[in-house]
1. Would you be able to say whether some residue in the range A:68-77 is surrounded by fewer than 20 Cβ atoms within 10 Å (Cβ to Cβ), more than 16 Å from ligand 1 (Cβ to nearest atom), hydroxyl-bearing (Ser, Thr, Tyr) and within 14 Å of A:SER171 (Cα to Cα)?
2. Filtering the range B:32-62 down to residues that are aliphatic (A, V, I, L, M) and facing another protein chain (nearest Cβ under 7 Å), which residue is nearest to A:VAL277 (Cα to Cα)?
3. Take the range A:84-95 and flag every residue that is near ligand 1 (Cβ under 8 Å from one of its atoms) and either in a loop (DSSP other than H, G, I, E, B) or β-branched (Val, Ile, Thr) (or both).
4. Which residues, taken from the range A:135-182, are assigned to a loop (DSSP other than H, G, I, E, B), more than 16 Å from ligand 1 (Cβ to nearest atom) and among the charged types (D, E, K, R)?
5. A:VAL151 versus (1) within 24 Å of the chain's Cα centre (by Cα); (2) within 16 Å of ligand 2 (Cβ to nearest atom): which is the lone unmet condition?
6. Identify the residue in the range A:241-257 that is of a type in the set (D, E, K, R) and either within 9 Å of chain B (Cβ to nearest Cβ) or surrounded by 15 or more Cβ atoms within 10 Å (Cβ to Cβ) (or both) and, among all such residues, is farthest from A:VAL364 (Cα to Cα).
7. Given the structure, is A:GLN174 of a type outside the set (Lys, Arg), at pLDDT below 95 and crowded, with 21+ Cβ neighbours inside 10 Å?
8. In the range A:199-233, which residue that is more than 30 Å from A:GLY179 (Cβ to Cβ) and more than 14 Å from chain B (Cβ to nearest Cβ) is surrounded by the fewest Cβ atoms within 10 Å (Cβ to Cβ)?
Amino acid sequence: MENPDPTSRAPEQQPLSSPQDQAPPAAPEPVAATNPVSDSWARGADSSEAPTPEPDDDATRVIQTDEGATDGLAKCSRCGATDISLNVATGNLRCNFCRFEWSAESANDAFDLDGDIGKLLGVTVGSGSSDIVPSTDEVMTFKCSACGAEVLIDTASSTQARCHWCRNTLSMNQQVPNGAVPDMILPFKVPKETAIASINKFVQKRRFFAHPLFRAEFTAENVMGVYLPYMVVDINAHARLSGEGEHQTRSYTVKVGDSQQTRYDADLYNVVRDFDVHVSDLTVESSSDRLEQITSQNSNNIINTIMPFDVENAVRYDSNYMKGFTSERRDSNLDELSPIAFTQAEDITRNRVNSTLGFYDRGVRWTQQDVNVRGQRWVSAYLPVWLYSYQQHKSNGKTFLHYVAVNARTGETMGSVPIHQGKLLLVSGGVEVAGIIAAIVLTALGI
Amino acid sequence: MTTSAMVLAVHDQVLASGGSSGDDGGFIGFIFLLSGFAFYALMYFRYRNADKRHRHESETEATLLNMKKGDTFVRSKTGMSNSRMSGANSHEVRGARRKFF
Ligand SMILES: [Zn+2]
Ligand SMILES: [Zn+2]
């Protein structure tokens, strides 16, 4: 797996074997030359430099997105400190020692994502979007080049960890096929205080029927900054929709027995729309948990609702954006996400075509929809969410996880507040009684 | 779960009735007779937002190019009682992740 470009990785930053058990940092040992994870790395690392299509794949083009990325100590270029984090106010990375600020390269520029979608042909994927190799370890081990100790990074929740011995921060920026290091990241922009205020406001408006335990326990300050995994997809397709449409020519009333009824005349047309469609930055959750949005079982739809994000402002992945935040790892591959993305792309297409169907005021019924995807590009991303979560213990012994989520780019806020069922049923009953009385009165008055 | 199912039914009814162009004059009476259920549904969705989702179909950037249109007259239809074409599906959304059950 050794990187073909020897300058891109300092020897001391080589990942070691990855023990599943969280053993305490052992005494620094010389790193063994054999690397147990090397085989599973091969797919991701092989295709660096000139993207060579994989022989077994039908010409999938890989954009190498972690070229030159290094693991281990990521040092401030001015003073050499490793205490680097996002300055939310500027969107830059900042050295917390000397206050020097800089930014990672725009992902659009670095990976040329901005080009004409019409020129996209075949399948293009970011190297950080490659298939997950199930045997790849979740907990990665790195050797601290400052003191020699072993440092574990649990990729389920971060790609950074601090060395227990010398307190330096170790980062993982090279891609391993376990979904932890994406192609790009969109840094937090909404400050925590703003998110807390939004969440408070959202919940304040929903206090009356809120569950009393929730009212007592709710603290917006418990909000967490989480980078959630998504795939960002561009699609170049040709579509042909055909069906029938109706245009109303006349409406009039007729007498049926005692009552007046409306009747309609219309012209029926065969309708065909044949066109190219470019879908840009279609964004799909790439964690199987988050894709489950069954609202009787979870409130993941809340997190779904705060989309879209301004993904065009994402930058090349750099673990330093993660400090102070957590992350969730991508666990879904292209073959699982493609059907979702394509179905949504068809929804988008139908939606846009409606602007050409104004004449058919009675509606259009498509009977045939042929969509030929000519080109597609997949880039994995971490997108920033302020997430307040509340575990409700229901009387039937079940639990339900409620979220209030804030899009940490746009500030869009959505949430689920546990309901005091007894109170709501009681008041609804009162409303029902009042309604029935009103209906009786209206009937008596002959309205 | 039964309450949720009932709430959904009412919610859909309210949406359907509210959205149609007014040829159901019994709506006022209906809403009074079901006012308790309607109130429950309204509050349930206001607090739980179980009906919300990302509107990917309209909120995703997309461009149509090289549009070729075919519109050929077939025939005239008369005396229909429905104000909308039956089976119209051009506003259909199939890729929503949010499901109720
Ligand atoms: Zn510095
Ligand atoms: Zn150390």
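1. There is at least one residue in the range A:68-77 that is surrounded by fewer than 20 Cβ atoms within 10 Å (Cβ to Cβ), more than 16 Å from ligand 1 (Cβ to nearest atom), hydroxyl-bearing (Ser, Thr, Tyr) and within 14 Å of A:SER171 (Cα to Cα).
2. Here the residue is B:ALA62.
3. Matches in the range A:84-95: A:ILE84 only.
4. Listed by number, the residues that qualify are A:ASP137, A:GLU138.
5. (1)
6. A:ARG250
7. Criteria met by A:GLN174.
8. A:ALA216
The values are calculated or read from the model by the stated rules, or taken from the named source; none is laboratory data. The structure displayed is predicted, hence computed values, not measured ones. Every residue, glycine among them, receives a Cβ derived from its backbone with ideal geometry; neighbour counts consider all protein chains shown.
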